[in-house]
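Q: Have a look at the structure that comes next, please.
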Amino acid sequence: MSLLETLAGKGLRREPPTRDEALAVLATSDDDILDVVAAAGRVRRHWFGRRVKLNYLVNLKSGLCPEDCSYCSQRLGSQADVLKYTWLKPEEAADAAAAGMAAGAKRVCLVASGRGPTDRDVDRVADTIAAIKERGDVEICACLGLLRDGQGERLAEAGAHAYNHNLNTSEGVYGDICTTHDFSDRQDTVRKSKDAGLSPCSGLIAGMGETDEDLVDVAFALRDLGVDSVPVNFLIPFDGTPLAERWALTPQRCLRILAMVRFVNPDVEVRLAGGREIHLRSLQPLALHIVNSIFLGDYLTSEGQAGKADLEMIEDLGFEVEGADTPSMPEHRRAETVSVRRRGAGTALPPNA
């Protein structure tokens, strides 16, 4: 049996590939790219059918971040010519979110630059969530940086559905891209969000100079954390950032990365995220045979292709936008997200306190 047949079969059974198999996907040739896409597409269709989930970003607070992540246009010391503003008012954020909701976005992602939220920031986001939900039924994902104890619970109580905090790259090279926090800080926030009852969303950025081994490491680290959604970003090399000259990706390389992530996390929402337009270019439609989720329109500090073009691409492929009433995750994953209490009151076991 060929490598790709083996991987497709494992994906249908929710079995992870071996590290060597994952590395072999990244080592396939450009001549085999359609076979790679077809094998990953079998897994995608098995778990998600023809559905494409639309997500919409709202940048609540832009620029002036004290962290030094090398890839980020909002980083400490960035000379990138991006928008800089403090917190949007709840109604301003709701107006921005409404545009994505009108285009079919099922999830609105509220993002704020910074190391992590203060308690006052959590209150601001809670007010913003309320303002958005007055406009319609939509999932809310918060992305506010490193969480402190209790903050995830407060966001869940305010109506947030998910929390995003990307691992970005492997633990082995994390110190090469950031010195103001480390890989374990990011893992801790993903765990905190999950423990708070939020759907954990965490992904990666490809094209920062990492090796194939680094990409496989982070894909497996995300699997080990049990995340529900994996956004795959491709580096946008902003002028004025340390990685401004890093143009290392080809469309075929991007497709192989997406396929590897799909094989490692077969039944998870894999999202085509930042940088897709400039790196995948005319091969974007092929990527939708691997992923089941995309960001609609613009990103945090860069513009994406028009939302109308995204919707036309989905329609042309014979796919359909995932509706608000359609569960995103396969049934078995929905069941696994709920941990039934078996301790504390009414049992002989001590409480989890």
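Q: Mind checking which residues of segment 1-44 are free of Cβ contacts under 8 Å to residues at least 40 places away in the same chain and among the basic types (K, R)?
A: R13, R42
Q: Right, something else. Limited to segment 185-208, what total is found for residues that are part of a helix (DSSP H, G or I) and open to solvent by less than 10 Å² (accessible area, probe 1.4 Å)? Talk me through it step by step, then tell me what you get.
A: Within segment 185-208, the first condition is being part of a helix (DSSP H, G or I), and the residues that meet it are 185-195.
From what is left, the residues that are open to solvent by less than 10 Å² (accessible area, probe 1.4 Å) are 189-190, 193.
Summing the residues that are part of a helix (DSSP H, G or I) and open to solvent by less than 10 Å² (accessible area, probe 1.4 Å) in segment 185-208 gives 3.
Q: I've got another one for you. So which residues in segment 22-33 are within 10 Å of L4 (Cβ to Cβ) and either outside any loop (DSSP other than H, G, I, E, B) or open to solvent by 60 Å² or more (accessible area, probe 1.4 Å) (or both)?
A: Taking segment 22-33 and keeping what is within 10 Å of L4 (Cβ to Cβ), we get 24-25, 28, 32.
Of everything in segment 22-33, those that are within 10 Å of L4 (Cβ to Cβ) and either outside any loop (DSSP other than H, G, I, E, B) or open to solvent by 60 Å² or more (accessible area, probe 1.4 Å) (or both) turn out to be A24, V25, D32.
Q: OK, next. Restrict the check to segment 56-64 and report whether at least one residue is modelled with pLDDT of 95 or more, within 26 Å of R253 (Cβ to Cβ) and surrounded by 14 or more Cβ atoms within 10 Å (Cβ to Cβ).
A: yes
Q: What are the residues in segment 209-226 that are open to solvent by 50 Å² or more (accessible area, probe 1.4 Å) and of a type in the set (V, I, T), if any?
A: T211
Q: Moving to a separate point now. Limited to segment 248-267, what total is found for residues that are open to solvent by 20 Å² or more (accessible area, probe 1.4 Å) and either among the hydroxyl-bearing types (S, T, Y) or assigned to a loop (DSSP other than H, G, I, E, B) (or both)?
A: Residues that pass the stated criteria total 3.
Q: Could you list all residues from segment 11-21 that are surrounded by fewer than 18 Cβ atoms within 10 Å (Cβ to Cβ) and either in a helix (DSSP H, G or I) or in contact with a Leu (Cβ under 7 Å, 6 or more places away or on another chain) (or both)?
A: Of everything in segment 11-21, those that are surrounded by fewer than 18 Cβ atoms within 10 Å (Cβ to Cβ) and either in a helix (DSSP H, G or I) or in contact with a Leu (Cβ under 7 Å, 6 or more places away or on another chain) (or both) turn out to be L12, R19, D20.
Conditions (1) open to solvent by 50 Å² or more (accessible area, probe 1.4 Å); (2) aromatic (F, W, Y); (3) free of Cβ contacts under 8 Å to residues at least 60 places away in the same chain, marked per residue:
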residue: R276; (1), (2), (3): no, no, yes
residue: P285; (1), (2), (3): no, no, yes
residue: H289; (1), (2), (3): yes, no, no
residue: I294; (1), (2), (3): no, no, no
residue: G297; (1), (2), (3): no, no, no
residue: S302; (1), (2), (3): no, no, no
residue: A306; (1), (2), (3): yes, no, yes
residue: E312; (1), (2), (3): yes, no, yes
residue: E315; (1), (2), (3): yes, no, yes
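Q: Would you point out the residue of segment 227-244, among those that are over 13 Å from V264 (Cβ atoms) and under 15 Å from the mean Cα position of the chain (by Cα), that is most open to solvent (accessible area, probe 1.4 Å)?
A: From segment 227-244, those over 13 Å from V264 (Cβ atoms) are 228-229, 231, 233-244; that's our starting set.
Next cut, under 15 Å from the mean Cα position of the chain (by Cα) only: 228-229, 231, 233-235.
On the way: D228: 12, S229: 1, P231: 4, N233: 32, F234: 3, L235: 5 Å².
Restricting to residues being over 13 Å from V264 (Cβ atoms) and under 15 Å from the mean Cα position of the chain (by Cα), the top hit is N233.
Q: Quick one: what pairs do we get from segment 93-121, first residue more than 20 Å from A273 (Cβ to Cβ), second of a type in the set (D, E), C-beta under 6 Å, 6+ apart or different chains?
A: The qualifying pairs are R115/E67.
Q: Are any residues in segment 17-33 under 16 Å from R44 (Cβ atoms) and of a type outside the set (A, V, I, L, M), and if so, which ones? Walk me through it before giving the result.
A: Within segment 17-33, the subset under 16 Å from R44 (Cβ atoms) is 17, 25, 33.
Across segment 17-33, the qualifying residue is only P17.
Q: In this structure, is R44 out of contact with any strand residue (DSSP E or B) (no Cβ under 7 Å at 6 or more places or on another chain) and closer than 25 Å to G226 by Cα? Explain how you work it out, then say what you get.
A: On the way: out of contact with any strand residue (DSSP E or B) (no Cβ under 7 Å at 6 or more places or on another chain): yes; closer than 25 Å to G226 by Cα: yes.
Against the criterion (out of contact with any strand residue (DSSP E or B) (no Cβ under 7 Å at 6 or more places or on another chain) and closer than 25 Å to G226 by Cα), R44 qualifies.
Q: Next question. Exactly one of these conditions fails for E67: (1) under 28 Å from F319 (Cβ atoms); (2) under 21 Å from the mean Cα position of the chain (by Cα). Give me its number.
A: Condition not satisfied by E67: (1).
Q: If you don't mind, there's one more thing I want to ask. Suppose we keep only residues that are in contact (Cβ under 8 Å) with a residue 40 or more places away in the chain and within 21 Å of V230 (Cβ to Cβ) within segment 171-183. Which one would you say is most open to solvent (accessible area, probe 1.4 Å)?
A: E171
The values are calculated or read from the model by the stated rules, or taken from the named source; none is laboratory data. Just so you know, these numbers come straight off a predicted model, no measurement behind them. As a convention, Cβ positions derive from the backbone with ideal geometry for all residues, glycine included, and neighbour counts pool all protein chains shown. The protein model used for the area step is the full one, side chains on, heavy atoms only, and it has no ligands, DNA or RNA in it. Shrake-Rupley method; radii C 1.70, N 1.55, O 1.52, S 1.80 Å.
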